[in-house]
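Comments concern the structure below.
The values are calculated or read from the model by the stated rules, or taken from the named source; none is laboratory data. Bear in mind that the values here come from a model prediction, so they are computed numbers and not experimental data. Because the Cβ atoms are built from the backbone with ideal geometry, glycine has one as well, and the counts that use them run over all protein chains shown.
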Amino acid sequence: MAESTIAVRCAELLGDWLQPVIPSTARSWLADRLRQISEGDQSALFLGFGMVPRKTGKADLRLSAAQLAAAQEARPGWNPATWSIDQAARTLLLLAYPADAVDEYTDTLDKLFAAGEVGELVALYQALPLLPFPDAHVWRTRECIRTNMKSVFCAVAHRNPYPAEHLDEASWNQLILKCLFVGAALDPVVGLDSRVNPRLMTMLVDYAHERWAAKRQVSPELWRPVGPVADARALADLEKVYTEGTPPERQAAALALSVCPLPSAETILNRNPLLATQARCRQLTWSQIAADSASG
């Protein structure tokens, strides 16, 4: 699907979702702003972007299963399940701005990013997979990986297909390691399983050893990108976690071992028949492990 078609369809969906959940005064204000912005009025975009929460409120958007399915159909990987009303409205304003030339468009975005407070930055980064000229936003995504603001980082890292589609291996690996470093779950990372790679596996194993040496806990989710490409050293660590770890760690190790290509992985997994069966029959899931880790 062409970029312009995706943007149009996503804008239509956002407009439909917003209509019944914002006051009539906000609908009128939003319609007027969209008209000005669509005519290339940069000032209307800048002012409107900042005013949105006062006009629409910040309540959760609360999309239905059918609406989320429509989002996936319009833009594969797009998951606005956790979006708020103001984030949706801000994205709609962004999509209304003319995308006639990449330099002009990215210059406009740069100004919004430079002036943005936390809420505005979250909306901007969440919107990246919907925006035109996707190749032009890679450096911005790399910049977000370095941020100290967890909510802003998660706007790129969680439920966002852009990083998996556009980051090179080094930047992708840094994003995954940053998730673990700041305590952000891995399960919401779009494309996590499709972007496993030996370098990331080595980085994660090294990180686990650093944590163990400091007598600190290791997230059970760390083993998810390790299992499919585990080497002998990683397999030894999985064996240790599988036999000595906490219940969530043993469950994570079971899932990682169940997809490990090394022949001895199956032998290790079979030492605990119950966990082995649960892993192979998908009675254990990474989503469950992530939820249990968060609640624990």
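Key figures
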| item | result |
| --- | --- |
| Failed item in (1) of a type in the set (Gly, Ala, Ser); (2) buried (at least 17 other Cβ atoms within 10 Å of the Cβ); (3) over 20 Å from ASP193 (Cα atoms), with ALA279 passing the rest | (3) |
| Residues that are under 16 Å from VAL196 (Cβ atoms) and hydrophobic (A, V, I, L, M, F, W, C), drawn from the stretch 218-250 | LEU222, TRP223, VAL226, VAL229, ALA230, ALA234, LEU235, LEU238 |
| Subset of the stretch 134-169 [crowded, with 19+ Cβ neighbours inside 10 Å and among the small types (Gly, Ala, Ser)] | ALA155, ALA157 |
| For GLN217: the one exception among (1) assigned to a helix (DSSP H, G or I); (2) within 25 Å of ALA184 (Cβ to Cβ) | (1) |
| Any hit, the stretch 189-207, residues being at positive phi and surrounded by fewer than 23 Cβ atoms within 10 Å (Cβ to Cβ) | yes |
| Residue ranges of helices (runs of 4 or more DSSP H) in the stretch 73-133 with at least 1 members under 16 Å from the mean Cα position of the chain (by Cα) | 85-96, 118-127 |
| Those residues of the stretch 1-20 which are surrounded by fewer than 17 Cβ atoms within 10 Å (Cβ to Cβ) and among the aliphatic types (A, V, I, L, M), in sequence order | MET1, ALA2, VAL8 |
| From LEU112, LEU68, LEU131, residue being surrounded by 19 or more Cβ atoms within 10 Å (Cβ to Cβ), within 19 Å of LEU18 (Cβ to Cβ) and either modelled with pLDDT of 95 or more or not β-branched (Val, Ile, Thr) (or both) | LEU131 |
| Complete set of residues in the stretch 188-220 that are under 13 Å from TRP286 (Cβ atoms) and in contact with an Asp or Glu (Cβ under 7 Å, 6 or more places away or on another chain) | PRO220 |
| Selection within the stretch 169-187 - under 21 Å from VAL138 (Cβ atoms) and assigned to a loop (DSSP other than H, G, I, E, B) | ALA184 |
